[in-house]
Amino acid sequence: MLKAADVMTKDVATIRSSATVADAVKLMRARDWRALIVDRRHEQDAYGIISESDIVYKVIAYGQDPSKVRVYEVMTKPCIAINPDLGLEYVARLFADYHLHRAPVIQGELLGIISLTDILANSNFLELPRTVVLEQQLQDEIKKARTICDQKGIRSEECAAAWDVVEELQSEIAHQRAEKLQRTAFEDYCDEYPEALEARLYDL
């Protein structure tokens, strides 16, 4: 499983809590950041975070002057910090439980920031349905190969071609899962019908 450290953005900026919101906006615009980590005043202090939504909802929405509002007035502190070794699934759960959009990744010191976008861009959940579909397709092709071999004969070209399709599917599934294929369905078939291997190797 991917960890927070694998997907976090290392390009992260800190700002003093005494800085103005206008300063925060300038820094955000300069690097296209969505949030800034508010630095600690001392080592035992907690980190804070100020995001674009904090600025919009708490400053602009009330017609306040960003140059007169200080970061500490609108920031979230202490903010939830993410351990770099935390699995992505658990990071997502934390975000869901606490309605987070982003959080600093900290282990002794600030290492980076992780956002919903980072999680979405690096999650493999979109690949899982494809693997499921391929698995179903594989089972269908194995049945088809066995039927063809029964009908056309174990030594037929049709039988060999059908098992080629099965092995291609198995290789694709192994690739999707980043696993090494230990044993093919054709090898299982050959345990039942040893002559199938000989026919496939020499008759084509």
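Computing FRET efficiency as 1/(1 + (r/R0)^6) for E109 and D65, where r is the C-beta to C-beta distance and R0 is 41 Å, gives about 0.75. Charged neighbours of A4, selected by a Cβ distance under 9 Å, balance to -2 (K, R count +1; D, E count -1).
Taking 1.306 mPa s as the viscosity and 10 °C as the temperature, the Stokes-Einstein diffusion coefficient of region 128-202 based on its alpha-carbon Kirkwood radius rounds to 125 µm²/s. Starting from the Cα of T14, step 7 Å toward the Cβ, then list every residue of region 29-72 with an amide N under 13 Å from that point. Label zone hits: 37-49. Taking a straight Cα-Cα cut-off under 20 Å and skipping sequence neighbours fewer than 8 places away in the same chain, the lysines within cross-link reach of K144 are K152. How about K68: which aspartates and glutamates have a C-alpha closer than 14 Å to its C-alpha, ignoring those fewer than 8 places off in the same chain? Cross-link targets: D23.
Scoring 167-179, 46-58 by mean Cβ neighbours within 10 Å over their residues and listing the highest first yields 46-58, 167-179.
For the chain, complete DSSP H runs whose alpha carbons reach 20 Å or more along their own long axis and whose mean Kyte-Doolittle score is -1.0 or higher are 128-152, 157-176. With 27 Å as the limit, the listed pairs K3/K58; K3/K26; K3/K180; K26/K77 have K3/K58; K3/K26 beyond it between alpha carbons. Computed from the C-beta positions of K26 and E89 and an R0 of 35 Å, the FRET efficiency is 0.45 to the nearest 0.05. For the chain, the cysteines with no partner cysteine C-beta closer than 4.7 Å are C79, C190. Using the Cβ-Cβ distance between E192 and D97 with R0 set to 41 Å, the FRET efficiency from 1/(1 + (r/R0)^6) comes to roughly 0.20. Overall dimensions of region 1-109, expressed as equivalent-ellipsoid semi-axes from the Cα gyration tensor (√(5λ), whole Å, largest first), are 25, 15, 13. The simple spin-label model puts a point 7 Å past each Cα toward its Cβ; for T184 and S123 those points are separated by 3.6 nm.
Summing +1 for each Lys or Arg and -1 for each Asp or Glu among the other residues whose beta-carbon sits under 11 angstrom from that of I60 gives -2. In terms of surrounding Cβ atoms within a 10 Å radius of their Cβ, K77, K10, K180 rank from fewest to most as K180, K10, K77.
Each reported figure results from applying straightforward, stated rules to the coordinates on display, with no laboratory input. What you are looking at is a predicted structure, and each value in this text was computed from that prediction instead of being measured. Note: ideal-geometry Cβ built from the backbone for every residue, glycine included; neighbour counts use all protein chains shown.
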